[in-house]
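Every number in this text was worked out from the coordinates using simple rules, so none of it is lab data. Values in this document were obtained by computation on a predicted structure and should not be read as measured data. Every residue, glycine among them, receives a Cβ derived from its backbone with ideal geometry; neighbour counts consider all protein chains shown.
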């Protein structure tokens, strides 16, 4: 299969993402990818996120601040990985 290269477009690798809090919990972080062969599977810190993504987007609910390793995997086995810092916005 001649698949377009898979890449994560958000969040940006190496960035710090500030999220606001709501009732003590951080808001969801949107995840976005381009390329690859759908459906996409997302993992954050080694844990799969619910449903497969047919649109290249997903949402992750952080459980706190710190380093997050985000991986997306497509149907033909391509992967893309970014690491970002999650922090609570002041």
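Of note:
- In segment 7-88, Cα pairs under 8 Å separated by at least six residues give a relative contact order of 39 percent.
- Per-residue Cβ neighbour counts within 10 Å put 54, 60, 85 in the sequence 54, 85, 60, beginning with the fewest.
- Against the set (i) 83; (ii) 104; (iii) 251, the structure's computed volume of the Cα convex hull per residue in Å³ falls on (i).
- Going from the residue with the fewest nearby Cβ atoms within 10 Å to the one with the most, 2, 74, 63 rank 2, 63, 74.
- Fewest-first sequence of 59, 10 by Cβ atoms within 10 Å of each Cβ: 59, 10
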